[in-house]
Every structure is written in structure tokens, then in C-alpha cells.
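Here the structure is laid out as C-alpha cells; the discussion comes afterwards.
No lab work stands behind these numbers, since they all come straight from the coordinates. This is a predicted model, so every value here is computed, not measured. Cβ placement follows ideal geometry from the backbone for every residue including glycine, while neighbour counts extend to all protein chains displayed.
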Amino acid sequence: MAAVKRISAVLLLAFLVAGCGSSSSKPTTFTLAATRQCARSHGQILKPKRDDFIATTATGGAFRLRLTDNDVTVLFGRDPQEANSLADGYRRFHAKNVGVEDILRTNGNAVMLWKFHPTDADEAELTGCLK
């Protein structure tokens with residue numbers, strides 16, 4: 001009888017632990033079209049700069065958003081692993097006088113490279129537009 005209770009407790013614990021990690025309020029795969037549509041209300045949408053080789057390799061596409069006091073290039077990989085590879089490309093090829101970690105963000109399959117350190121408000125607006 002004690003063994004059955006232990007097995008039941010272990011199964012219940014495993015069920016609860018499995019459920020904890022799987023719920024998410026926001027997807028980790030975002031799309032260029034939906035994100036760009038939302039971002040349009042916050043600034044001017046532009047093509048990525050021609051010399052931004054990393055942006056040209058993003059399989060999900062890329063766009064640049066010009067805000068009042070900052071610009072951000074947003075890239076989309078097919079999955080979070082590709083986004084990490086894109087971010088690694090920026091880390092590898094950045095100018096030596098640029099603190100890239102200060103201006104580089106990833107969220108799911110999206111990579112955001114800011115021109116300057118983003119304000120909390122700008123970062124929140126763009127993150128809220130990831131769809």
C-alpha cells in the first residue's frame with residue numbers, strides 16, 4: 001500500500017513539473033509581416049542598411065524601424081536557434097569600439113540591433129509589437 005502511494009505521488013509530481021515548463025503567454029516564433037504592421041504605428045519602417053550582411057541572411061526577413069531618437073534593425077530567424085546564430089554574427093563582426101551587448105537583444109526567433117542603447121519605453125514598444 002505504501003509503494004502505491006509513493007508511485008502515485010511521484011507520478012503526480014512528474015505531471016505537475018511537466019505542466020509548469022510548457023505554458024507560455026507569448027509565442028517564441030514571430031513573423032515579419034505582423035510585427036512590421038504593429039511597429040509602423042511607432043515609427044518609420046525602412047529597409048535594412050545595404051551593408052548589414054547579417055540582416056540579409058535572416059531567413060524570416062528583416063526591417064529597420066526609425067524612432068524619434070533611435071533606430072533598430074529587427075531580424076527574424078526561422079526559430080530561436082537561428083536567431084541566436086544571427087545574434088552571434090553581430091557579436092563576431094561588430095566594430096571594436098561598439099559595446100554590442102548593450103544594443104543587441106533576442107526574443108524567440110527575433111533579433112533586435114539598436115543604434116543606441118534603447119530606452120525602456122522604446123524597448124517595451126517594440127517587444128510589444130513582436131507577433
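For the range 97-129 and the range 41-89, what is the separation of their C-alpha centers, rounded to whole Å?
10 Å
What are the ³J(HN,Hα) couplings of the range 117-128, residue after residue, when phi is run through the Karplus curve with 6.51, -1.76, 1.60 and θ = phi - 60°? Round to Hz, x for glycine and proline.
3, x, 6, 4, 5, 4, 5, 5, 4, 5, 4, x
What number comes out for the charge environment of residue 116, summing +1 per Lys or Arg and -1 per Asp or Glu over other residues with Cβ under 10 Å away?
Summing Lys/Arg as +1 and Asp/Glu as -1 gives -3.
Report, by chain and number, residues whose modeled amide H sits under 5 Å from the one on residue 71, excluding near sequence neighbours (fewer than 5 apart, same chain).
115, 116
Just to verify a number: FRET efficiency for residue 40 and residue 124, C-beta to C-beta distance, R0 = 22 Å, to 0.05?
Efficiency, from the Cβ-Cβ distance: 0.85.
Would you mind calculating the relative contact order of the range 27-129 from Cα pairs under 8 angstrom and at least 6 residues apart, reporting the percent as a whole number?
The value is 28 percent.
Suppose R0 equals 22 Å. What FRET efficiency, 1/(1 + (r/R0)^6) with r the Cβ-Cβ distance, do residue 92 and residue 59 give to the nearest 0.05?
According to the calculation, E is roughly 0.75.
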